[in-house]
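Step one of this worksheet: look at the structure below.
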Amino acid sequence: MTELTSVAPVARPGPVSAQLALRDIQGIARRNLIRIVRTPQLLFVSILQPVIILLLFRYVLGGAIHVPGLDYVDFVVPGIFLETVLIGGMTTAVALAQDLQAGMIDRFRSLPMARSAFLAGRTLADLARGIAALACLVGLAVLVGFRFHNSAVACIAAIALILAFGYVLTWVYAALGLAVRDPQTAQMAAILPMFVLFFASSALVPVTTMPGWLQPFARNQPATITINAVRALFEGGPVAHDLWLAVVWCTGILIVFLVLSLRLYRRATA
Amino acid sequence: MIEVEAVTKLFGSTRALDQVSLVADAGRVLALLGPNGAGKTTLVRILTTLLLPDSGQARVGGLDVRRQPASIRSMIGLAGQYASVDELLTGRENLELSGLLYHLPRAEYRRRAEKALERMALTSVADHPVKTYSGGMRRRLDLAASLIGQPPVLFLDEPTTGLDPRTRKEMWQLIEELVAGGTTVLLTTQYMDEAEHLAQTIVVLDSGRVAASGTAEELKDRIDGTLLEVRVSDPADLGKARTILASLSTRLPRTDQDQNQVSIPVSAGPTELIAAGRALEDAGISLDDIQIARPSLDDVFLALTDHPADGAPDGSPA
């Protein structure tokens, strides 16, 4: 016990160095990856939903939806990919609210670790989960008839854009989880951005089929822009405008919610 | 080591802390004693840099909680009321993560984690997820996680709430060993016996205010609850005994006819006891018993806080 009870000389560090901050981020990311691996049922359920929506729209509803110049399966798959990363973000909100309630955030905030590391590590682990989920969906999409019609570089860029959008949304969900503080509330609240961004977008049907009052929103919201850019990257055709806009959206959302999340984390109270 | 001066913290219009001042000396234990909602956890959260005070000064190891929170965090350990260890991680993974976040080199935190698991008798379950642990094992792991950085100052928020008596004694022993090693401990508790057993200084908090502070003995003196009790053999002597006792104190004696007993609050104790013994003997009154009854810390607690001391865990963020 002499080892554990003896008192170390008091360190008086300044701000945490970038090198140590990276190590903190790694440590936290590893913790969250372990959690993801040890709750495979959560990963499974979060993949199940986009799988069901894909099968539903490919085989049940898709026949009734006509998209000019495109097989419906090629039209709907980019939207389903986006939904995959969107639904994964919901678990970020719930998990953060859980950490807050369980006192984990108190423990981490009382440690000399870099304060940004907790959220950075969390979102990076969630990105890894997003990659795994997306890989499953890509496999399934190809099985049900989806084909990449463009160059490998363009297709990889499309996947990267989906993951970037998902990562950015993770910060939105992080802020949400820290703001509502309660896992059940976080679960319900996280459905809202999902619904608005996914259903009122070009994910499942062309925006031109929507009522006039909805079209301006549906056409310009970030999920539509991103899906359009992804579609263009998969199919070929003009992409520059949507891609550029998508990057602007992602950067803007990231900055706003990164700052907001860090503020909420610093003041977090269970 | 810990200095708090006139700290006030408001939650809305509620004064969670109202002009609280205290000093905890290095290498000793200070117990914050109080009922639910007294403000104990709020004060711990301020001292561990989780919450800023609205006014007043708070320093840990001479460092100001407002200006040098990062430096404070490198010298403190916090073990929470709700064991804040990760359920899905193993005991070892939890400790190694804490060590990493204290910025210890990898070899060092692995070594310390191993030693800590041994010390806390968790080696056999070191690689099991924490969700399979008992309550006592969790608390020990939580304590170990807060000690990985070998912090000179340790904050324990209700370290034994909800533990069975045996596990509670084990925690006491661990805390005593830490203090023997030089650690300064500030703990919160709603158990009087815990404060009396572990702490050299007890600060009684009630509704955000310091109701009293001092050693356990000083607190007992504070409520001037020391009683001189005399039980006479012959009920006929009760009246005479009462007169004799009344002459020894400025207060009025109380007579219990059923017990043949007269009692009176006294200030010193032994002096009055001897004087009473002599006077009663001179008057030829034979006694069944004569004693000084010191109040229990429970009596003190009740007298100082006007609240019943219940054992329910503190659910509010107070």
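The values are calculated or read from the model by the stated rules, or taken from the named source; none is laboratory data. All values reported here derive from a predicted model rather than from experimental measurement. Positions of Cβ are generated from backbone atoms using ideal geometry, with glycine treated the same way; all protein chains shown enter the neighbour counts.
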Checked against (1) under 20 Å from B:ASP142 (Cα atoms); (2) at the interface with chain B (Cβ under 9 Å from one of its Cβ atoms), A:ARG115 satisfies every condition except (1)
Evaluate the following for A:VAL16: is it crowded, with 16+ Cβ neighbours inside 10 Å, within 11 Å of chain B (Cβ to nearest Cβ) and at pLDDT below 95? yes
May I ask you to list the residues in region A:191-214 that are without any contact (Cβ under 8 Å) to a residue 40 or more places away in the chain, surrounded by 12 or more Cβ atoms within 10 Å (Cβ to Cβ) and under 19 Å from the mean Cα position of the chain (by Cα)? A:VAL196, A:PHE199, A:ALA200
Given (1) more than 30 Å from B:GLU158 (Cβ to Cβ); (2) at pLDDT below 80, where does B:ILE223 come up short, assuming only one miss? (1)
Sole residue being of a type outside the set (Ser, Thr, Tyr), more than 14 Å from chain A (Cβ to nearest Cβ) and within 27 Å of B:GLU96 (Cα to Cα), chosen from B:LEU163, B:LEU198, B:LEU143: B:LEU163
Looking at B:GLY27, B:GLY56 in this structure, which one is more than 14 Å from B:THR188 (Cβ to Cβ) and assigned to a loop (DSSP other than H, G, I, E, B)? B:GLY27
Candidate set from region B:259-272 (those that are at pLDDT below 80 and among the hydrophobic types (A, V, I, L, M, F, W, C)); member that is surrounded by the fewest Cβ atoms within 10 Å (Cβ to Cβ): B:ALA268
Just the residues that are of a type in the set (Gly, Ala, Ser), part of a loop (DSSP other than H, G, I, E, B) and more than 22 Å from A:ASN32 (Cα to Cα), please, taken from region B:80-136. B:ALA121, B:SER134
Taking the criterion of being of a type outside the set (A, V, I, L, M, F, W, C), closer than 20 Å to A:VAL138 by Cα and modelled with pLDDT of 95 or more, would at least one residue in region A:210-224 satisfy it? yes
Scanning region B:166-185 residue by residue, those within 8 Å of chain A (Cβ to nearest Cβ) and of a type in the set (D, E, K, R) turn out to be B:GLU177
